[in-house]
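Working notes for the structure below.
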Amino acid sequence: LINGELKRWRGNTTKVASTISSTDTYIPTVLGSIPDMGETEAIEALDAALGTYNQGKGVWPTMKVKDRIECMESFVRKMETKREEIVKLLMWEIGKSLPDSEKEFDRTVEYIYDTIEDYKQLDRDSAKFHKSGDVYAHIRRGPLGIVLCLGPYNYPLNETFALLIPAIIMGNTTIFKPAKHGVLLITPLLEAFQTCFPKGVVNILFGRGRAVAAPIMKTGKVDVLALIGNSKSANALQEQHPKSNRLRLVLGLEAKNPAIILPDADLDLTINEVIAGTTSFNGQRCTALKVVYVHEEIKEEFLKRFSERVDQLKFGNPWDEGVKLTPLPEPGKPGYIQELIDDALSKGAVIQNKKGGEHFDNYIWPAVLYPVSKDMRVYEEEQFGPVIPVLSFKDIEEPLDDMAESNYGQQVSLFGKDVYTLSPLIDTLANLVCRVNLNSSCQRGPDVYPFTGRKDSAQATLSVHDALRSFSIRTFVAFKDN
Ligand code: G3H
């Protein structure tokens, strides 16, 4: 979708395959093809965004707030009619279970409605006058310009829209490239993007990130790079920009969120939460628990019960009832996870669960690895898949020191009961990460809460409220009482 036109594509295409399987039959399926766009289309899309923005003088950045809201409302209403189609594509393209696919769709719709409401409030606030000394000010928020937006494969709808929707509503014009897996599910929305917004406000490119995003960045005309994914891609794109000091970054990147289990933790509750945290969507969440610290005193009981529970999880197709583990969309992922397991085993770790590391179709069963040490790759790397490293500790300073040394700082889950132990710990943990989850696993939602991270985990903050601010700048009119 470029400058309001749906391109009739005559060039090369890439097949979008699914790795969906049934429990005993492997059925690799070609779901469709997407255009393999390159520099020519990328620059066309950029020109469309620049034209519609017209250095802040264009039709979209100057449009009345109520009209922009109407555009967004008509878009979300059309989107709601596509629920069934998009939920099916989520299951087929990225292997997300039915309840999780439905949840992703529904929370995205809710996010858009909440964004509209927050934007209305922002507008009401901007009508107020402020006074300091003899200077009155009428403060509002304005757009930043051209936003290049790239979303991740694990939340191709929700996380992409968590960037795109606030960027659009604040009056920016956008170029958006969907993730490699989860790209077809954008196609049911193309017509809505085309008809609900003026041409050039939303330009959508299909293709490889490097082929379409790099030429756009090289022009130096992008004002905001909005990306949820890995820091390698974010850094590579940022480096392409000739005036990167002018570039605003809205980034959600890697994390290695730990679970810390204290000796007095309620083990039933803890095991339930750690199972959800480590294995939901096969661990392919930036918020997944990616390393578990358990106190020496309860280590044996935890490892035994936790490992049994991991082996009881149900594997199957995303639409099967009660299924928790599903095929992985990335063909290379089981091989990568196996490498992490082999490295850990060669350095002294042992697989604690009977099924750990079993391969079938495009899947590898989550391996609970213990004892994990810091020289192992599975300790250092963000696995983003089904493998669970466990360490034990005697002194709480051990996991705290590890967190302080880590390159990441998104969230932590803390399990325990004694309020006098928990209270000071929460204060310390909050200085190391951005969200402390007490007796619960890590998660982004509800999406109204701030979502960010320290160090290499994020730049800027998302949430309905914060995202509107991340994609805008405060401007004001000042006048004197004369
Ligand atoms: O990949 C990271 C997502 O923001 C995780 O979101 O915690 O709602 O699964 P979630």
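The values are calculated or read from the model by the stated rules, or taken from the named source; none is laboratory data. None of these values were measured; they are calculated from a predicted model. Here Cβ is always computed from backbone atoms with ideal geometry, including for glycine, and neighbour counts include all displayed protein chains. Calculation scope for accessible area: heavy atoms of the full protein, side chains included, ligands and nucleic acids excluded. Shrake-Rupley method; radii C 1.70, N 1.55, O 1.52, S 1.80 Å.
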Phi-based couplings in Hz for region 465-478 (Karplus 6.51, -1.76, 1.60; Gly and Pro marked x) = 5, 5, 5, 4, 7, 5, 9, 8, 9, 7, 10, 8, 9, 10
query = Quick one: which of 164-172, 388-396, 244-252, 414-422 comes out on top by average Cβ neighbours within 10 Å, and what's the full order, highest first?
reply = 164-172, 388-396, 244-252, 414-422
request  = Please identify the helices of the chain, taking whole runs of DSSP H, that span at least 15 Å along their own axis as judged from the Cα atoms and have a mean Kyte-Doolittle score of 1.0 or higher.
outcome  = 158-169, 419-430
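Would you mind working out the accessible area per residue for region 273-329, using a 1.4 Å probe, and quoting it in Å²?
Dividing the accessible area of region 273-329 by its residue count gives 35 Å².
I want the local charge near D266. Using Cβ-Cβ distances under 13 Å, sum +1 for each Lys or Arg and -1 for each Asp or Glu among the other residues.
Value of the local net charge: -3.
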Fully extended contour minus Cα-Cα distance, from W319 to L6, at 0.36 nm per residue = 109.5 nm
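Kindly flag which residue pairs out of K15/K180; K96/K199; K218/K455; K103/K355; K96/K180; K256/K333 have an alpha-carbon separation exceeding 21 Å in this structure.
K96/K199; K218/K455; K103/K355
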remark   = Once K417 and S346 are pulled to full extension, the length gained, defined as 0.36 nm per residue separation minus their Cα-Cα distance, is 21.9 nm
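May I ask you to give the percent of accessible area on region 42-197 that is carbon plus sulfur, with a probe radius of 1.4 Å? List each step's numbers first, then the result.
On the way: 3050 of 5920 Å².
Answer for region 42-197: carbon and sulfur cover 51 percent of the accessible area.
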task = Measure out, as a whole number of angstrom, how far apart the alpha-carbon centroids of region 321-377 and region 116-160 sit.
result = 43 Å
Integer Hz, Karplus 6.51/-1.76/1.60 couplings in order for region 449-459, x for Gly and Pro = 7, x, 10, 7, x, 8, 6, 7, 7, 6, 9
task = Go ahead and run the numbers for FRET between L269 and S244, Cβ-Cβ distance against an R0 of 45 Å, rounding to 0.05.
result = 0.45
note = Under 5 Å from the placed amide H of V16, counting only residues 5+ away or on other chains, we find L31, G32, S33, I34
key: Average Cα contact separation per residue, the chain, under 8 Å, 6 or more apart, as relative contact order %   = 19 percent
task = Mind giving me the FRET efficiency for H359 and E308? R0 is 25 Å, r the Cβ-Cβ distance, nearest 0.05 is fine.
result = 0.75
note = Everything considered on the Cα gyration tensor (a ≥ b ≥ c; rounded for a/c under 1.5, else prolate if a/b is larger than b/c, else oblate), region 1-107 must be described as oblate
query = Which lysines does K128 reach when only Cα atoms under 23 Å apart count, and residues fewer than 8 places away in its own chain are ignored?
reply = K64, K66, K120, K480
query = Any idea of the accessible area per residue across region 341-439, 1.4 Å probe, to the nearest Å²?
reply = 44 Å²
query = When the helices in the chain are scored as -39500 (n - 2.57) per DSSP H run of 4 or longer and the sum is shared across all residues, what 222 nm value do you end up with, to the nearest 500 deg cm²/dmol?
reply = -12000 deg cm²/dmol
query = Residue by residue through region 313-325, which ³J(HN,Hα) values in whole Hz follow from phi under the Karplus form 6.51 cos²θ - 1.76 cosθ + 1.60 (θ = phi - 60°), with glycine and proline marked x?
reply = 4, 9, 9, x, 6, x, 8, 6, 5, x, 6, 10, 10
query = Using the Cα gyration tensor of the chain, with a ≥ b ≥ c the square roots of its eigenvalues, what is the shape: rounded (a/c below 1.5), prolate (a/b larger than b/c) or oblate (neither)?
reply = oblate
ask   = Just the accessible area per residue of region 114-257, please: how many Å² with a 1.4 Å probe?
value = 36 Å²
note = Taking R0 as 30 Å and r as the Cβ-Cβ distance between E85 and D47, the FRET efficiency 1/(1 + (r/R0)^6), rounded to the nearest 0.05, comes to 0.45
ask   = Distance in nm between label sites at A127 and E297, each 7 Å beyond Cα in the beta-carbon direction?
value = 5.9 nm
